[in-house]
Structure formats: structure tokens, C-alpha cells
Amino acid sequence: MELGERFGVDARDRDVRKRFSQLSERDVQDLTAIRSFMEQNVDAIVESFYEHILTFDPVREKMGGETVISRLQRTQKEYLLDLVRGDYGEDYFERRLHVGVVHERIGLAPKWYLGAYPVFFHEIVRRLQSRFWLGSKLSLRRYTRTLTALVRIVFIDAQLSIETYVGALTEKIAQSVTSISTAMQELRSSSRHSAEQAESAAAEASEALRAVDDGTSVVLQALEGMGHLRGSMDQIASEMRRLNDQTAQIKRVTEVVGGLAEETNLLALNAKVEAVRAGAQGAAFTVIATRIRDLADESRSSVGEINNIVQSIQQAADDAVQTVDNGARTVDDEVAHVEGAGAAFQDLANSVRSLSESVQGISMNMEQQAAAIADVVGTMDELDHVSSREGADEFV
């Protein structure tokens, strides 16, 4: 794309610029009239010009080494000769637009290249004075017209340079804005996706927290149930021990009864012996003694059976107490395990709760960040629209 097309400098615009600056055909004639003068003095003008501007470090740094400076001096000579060739059409404007683009590309600020115009203009004017004999009115008028024509064409050049400088810079800004806007669009999409993920993670964390709380509740209920079971087993063990004590008392009573039966049996035996000795007179007493002995034998037999039953009850009670004690120890062990699980669940619940709060905080921050990015994207889009819409002529 030609620079004229790129910056909107077409035939109509060129004509408007010339008419606005009052560059007339007479001016063109006056400029071409000093063509030979310019060819004769261009080397000296450029040499003096560069001798001055190279005393400024920022300008020297932009121009580089001697090879580059030599090439720039040749370009400057061609530029000055172009001023007085009289052809100020499309090609001329294209070359002048190129100057501004180059200045922007190498980073030569307007204060340097616009400030250079009066420097080389002074070198031209100083040498022009020797061409015209200013003692006559005719020479003075021609000199004045020539200077006026030079001012007009130089200011047209300055317009084009600054417009293309600003235009090229604006294009770079627009490209940067577009790149930033694109990146921000991607970031907005990414942040929105991250916000959605954070929100989903927050929901999952909340669900996990509810599940952990439910698990903790179940563990606590199990602990409560085991506590009740432990209490019931302790009560059963206590009752079985009390039963064991009571059977022991029964056994002691039966032992006493057994002893009494044994003694009664001995007494009955002795009574029978005495009745036999008494003869007929002790016959009735013999019958009674025999009956007493039979009752004593039955009592002793019953006491034996009772002792066997009591012993069986005691053994069963001892076994039951042992079983209950073993069950109680098992319950205690399980309670310890469940309590450990409960503590682990509680720690897990605390961790999940902290995680849930953190995720919710991240989700909120991501939503705020997404909103902020959306605002930035809107601003960048607006800036992109403005920078792409503004023409270089709007900066003059």
C-alpha cells in the first residue's frame, strides 16, 4: 500500500494543502529558478547542517555510525534538491510522507526533526542573499518571493512529516491496543472460565463439607449408641455379679442345712440304737427315729441337688460376667476406634470447611477479577475504535 493511500493523502487532499498554503504557480516558478543555485550550494548546506545537529548526542545516537551518517547526508541533499525541481505531485508527496515514517521508525522525536527545518532553512537563506543584489527593488521582490515560496513548500513538507509521524505512531498504538484487547478478550474468557470453575469447586467443597458433617454426625450417633450399650453391659454385669453373690449365699445356707441334716441323721441313728436297747418300750421311738433319719437323708439329698443347681447357676453367672466383661472391653476398643474416626472426621470437616471458605473467597475474587477485566476490555475496545478511527490530519 502506498503511503498516500495509507494516510489518506489523495489528489484532492494534495490540492487542498497547496491551496491552503497558497503555493501558486508563481511560487513553483520561483522555486525552479533557484535550482542551479541549490545544486551549487547543496553540499555546503548539508555539511553545515550536519555539523550543527551532530553536536547533540540524542540526534547522533539515533543516526548511528559514519556509514549511516554519510547515507543520510546523501538523502538530505536529494531532499533539498527535490524542493526546487518544481514537480509537487503524487511522487513528491509520497517521498515526503516517507520521511515522517522513517523518523517514527528510528525514534527521532518531532522536537529534533522539526527543529532541524530552521537550521537548514537558515543555511539556504544565508546563501541566497549573495545571489540577489538587494539594492534594487526588483531583486528584493524576487528574493522575497523566493523566500515565501520556500517557506510554503517547506511547511507543506513539515505538515506531511508530522502527520505521518503521528499517523505511524497511531497505527502502532492501534496495533498494540488491538493486541492488548485481544489478549484481554482471551483473559476475560479465561477468567470467566476460571470463575465458573471456582464457583463449581466452591459448590463441590460445600457438598463435601455437608457429607463430612453427615459422616461426623453418624460417628457421634454411633458413639452415643456405644455409650448406651456400654452402660447396659455394665448394668448386666452388675446384675450378674449380684446374682452370683446371692447364689453364694444360697450355697452357704444349703451347706448349713446339709450340716443340720447330717447331724440329724446321726442323732436319729443314735436314737434308734437307744430305742433298740430299750426293747419293747422304745419301739415307738424307733419308728420316729427311723422317720427322722429318712427325712434327714431326703434333706441331705435335696441339699446336694440344690448345691448342684447353685453351682451351675454360679458357673453360668461367672461365664456371663466374663462374656459381658469381654464385650465391654470390645466396646471400649470400638469406642476408642470410633472416637479416633470421629476426631479424624472432625479434622477433615475443619479442613474441608477451611477449603470451602478459601474456594468461596477465590470464587468471589475471580468474579470480581472477571468484572474488572470486562471493564478493561470495554475500555480497550473503545480505545481501539478511537485509535483506528482517528486520521493523522486530526493531530495537526
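Taken together, the values in this text are just the output of simple stated rules run on the coordinates, not laboratory data. Model, not experiment: these values are computed from the prediction. Cβ atoms come from the backbone with ideal geometry, glycine included; neighbour counts cover every protein chain shown.
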Scalar couplings 3J(HN,Hα) for region 169-175 by Karplus 6.51 cos²θ - 1.76 cosθ + 1.60 (θ = phi - 60°), nearest whole Hz, x for Gly and Pro, are 5, 5, 4, 5, 4, 4, 5
Here, GLU5 and MET364, labelled 7 Å along Cα→Cβ, have an inter-label distance in nm of 5.8 nm
Counting only DSSP loop positions in region 1-93, the trypsin sites (Lys or Arg not before Pro) whose Cβ has at most 16 other Cβ atoms within 10 Å are ARG85
Computed from the beta carbon distance with a Förster radius of 30 Å, FRET efficiency for ALA343 and GLN197 to the nearest 0.05 stands at 0.40
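Grab the beta carbon distance between SER354 and SER176, set R0 = 30 Å, and tell me the FRET efficiency rounded to 0.05. Intermediate values should be presented prior to the final figure.
Values: r = 43 Å, r/R0 = 1.43.
For R0 = 30 Å, the calculated efficiency reads 0.10.
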